[in-house]
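Notes follow once the structure below has been shown.
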Amino acid sequence: MATASVNSILLSSDDPAALARWYGEVFEAPVSDDTGPYPVVDLDGFFIMFDRRDDVSGPNRDGARTILNVEPDDPAAVAERIDALGGEWVSPLENRDGHLFATAKDPDGNWIQLVRLSDEAEVEMGQPTTPFPGFAVRDIDETAEFYSTVLGMRVMRNSMGILMIRIDRRTTAIAYPKPDHEPAAFTILNIPVTDIDTAVAELAAKGVAFLRYDGFPQEENGVMKNNGPSIAWFTDPSGNVISVISREG
């Protein structure tokens, strides 16, 4: 097992703040200006940091030497945002045997490759290589529909009929059918969100009903605040309890 992992990259720029804003707009990702000496963009747990260096100036004229691979949920939407911001393409978005690829330059000339492998390829690559959660469900089809359509997660199915649910880029959960399934008496999945009231409103608009617990100081929308991180609970179609929980604490 490897004894190290990669979780960030530092891009030097004549205008770090402007470059950070570009990445934030292209990938619809939050830009943090108060986490340290430079702006940071959080791409689902992989952090792009932006700094100014005395020994770096002007555009990157050798972008092919280091390419940042990004796996977007919707490559076409990302490509449209790059176009809207006047981006330059090394290789426009194309479908290669079911896989989507594109390579663009950011405003400083750094190369970014958009990669979206087919579900079949993702499944063939096998199970996650890091610890991963698993849980039982009553019906695989309704589970796949709920986690993909309502929660917006990428859901894949292997040859055994087991679902691989991409919680985020770092975490894949498996869901397996159990005809006599009984929901757990505890929360099986906590989903961090930036704005819990907005997240709750969006889920409610999709038909999600939020749980209420006796003695818990929950607001009208089901959110419990001022008692640790703000949190709200609901269930998937099998009765498994899930929460949305505020990142802000």
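The values are calculated or read from the model by the stated rules, or taken from the named source; none is laboratory data. Remember, predicted model here, so these are calculated numbers, not experimental data. Here Cβ is always computed from backbone atoms with ideal geometry, including for glycine, and neighbour counts include all displayed protein chains. For accessibility, only protein heavy atoms count, side chains too; no ligands or nucleic acids. Shrake-Rupley method; radii C 1.70, N 1.55, O 1.52, S 1.80 Å.
Please report the antiparallel percentage of the DSSP beta bridges confined to the chain, to the nearest 5.
Here the share of antiparallel DSSP bridges comes out near 65 percent.
In Å², and per residue, what accessible area does the chain have when probed at 1.4 Å with the other protein chains present?
Ligands and nucleic acids excluded, the result is 57 Å² per residue.
Taking the Cα atoms of region 3-58 alone, what are Rg (to one decimal) and Dmax (as a whole number) in Å?
When restricted to Cα atoms, region 3-58 yields Rg and Dmax of 11.4, 36 Å.
For region 30-155, what does the alpha-carbon gyration tensor say about shape, rounded, prolate or oblate, given a ≥ b ≥ c as the root eigenvalues, a/c under 1.5 as rounded, and a/b over b/c as prolate?
Prolate is the answer for region 30-155, as a/c is 1.5 or above and a/b outweighs b/c.
Kindly provide the pair-distance distribution of the chain built from C-alpha pairs, with 5 Å bins from 0 and whole-percent values in order of increasing distance.
With a bin width of 5 Å, the distribution comes to 1, 5, 11, 14, 15, 15, 14, 11, 7, 4, 2, 1, 0.
Based on DSSP H runs of at least 4 residues, each adding -39500 (n - 2.57), what is the mean residue ellipticity at 222 nm of the chain after dividing by all its residues, to the nearest 500 deg cm²/dmol?
It lands at -5000 deg cm²/dmol.
Provide the solvent-accessible area of Y213, counting protein heavy atoms only and rolling a 1.4 Å probe, rounded to the nearest 10 Å².
My reading of the accessible area for Y213 is about 80 Å².
According to a simple spin-label model (label point 7 Å from Cα along Cα-to-Cβ), what is the distance in nm between A185 and A64?
6.3 nm
If amide hydrogens are placed 1.01 Å from N in the peptide plane, which non-local residues have theirs closer than 5 Å to the one on V90?
T103, A104, K105
What FRET efficiency, computed as 1/(1 + (r/R0)^6) with R0 = 25 Å and r the Cβ-Cβ distance, is obtained for L10 and T194, rounded to the nearest 0.05?
Once the sixth-power term is evaluated, E becomes 0.60.
How far apart, in nm, are the 7 Å Cα→Cβ label points at A29 and D74?
1.8 nm
Considering the chain as a Gaussian network with a 10 Å cut-off on Cα pairs, which listed residue, T187, T172, T103, attains the greatest mean-square fluctuation?
T187
What is the P(r) of region 140-249, as percent of Cα-Cα pairs per 10 Å bin from 0?
13, 45, 32, 9, 1
Pulled fully out, how much extra length does the chain show between A18 and V123, if you take 0.36 nm times their separation in residues and subtract their Cα-Cα distance?
Here the answer is 34.0 nm.
Whenever you get a sec, line up L117, L163 from highest to lowest accessible area (probe 1.4 Å, protein heavy atoms).
Per-residue accessible area, sorted high to low, gives L117, L163.
Which percent of the accessible heavy-atom area of region 178-249 goes to carbon and sulfur, probe 1.4 angstrom?
Of the solvent-accessible surface of region 178-249, carbon and sulfur hold 52 percent.
So, in Å, what gap is there between the alpha-carbon centers of region 188-228 and region 37-80?
With region 188-228 and region 37-80 each reduced to a Cα centre, they are spaced 34 Å.
Once both axes come from the Cα atoms, what is the angle between helix 16-27 and the longest principal axis of the chain, in degrees from 0 to 90, rounded to 10?
Here the helix axis deviates by roughly 50 degrees.
Please give, to one decimal in nm, the separation of the simple spin-label points placed at I162 and R81, each 7 Å out from Cα toward the Cβ.
Rounded to a tenth, the inter-label distance reads 3.4 nm.
Taking Cα atoms of region 136-187, Rg/Rh with Kirkwood Rh, to two decimals?
A ratio of 0.96.
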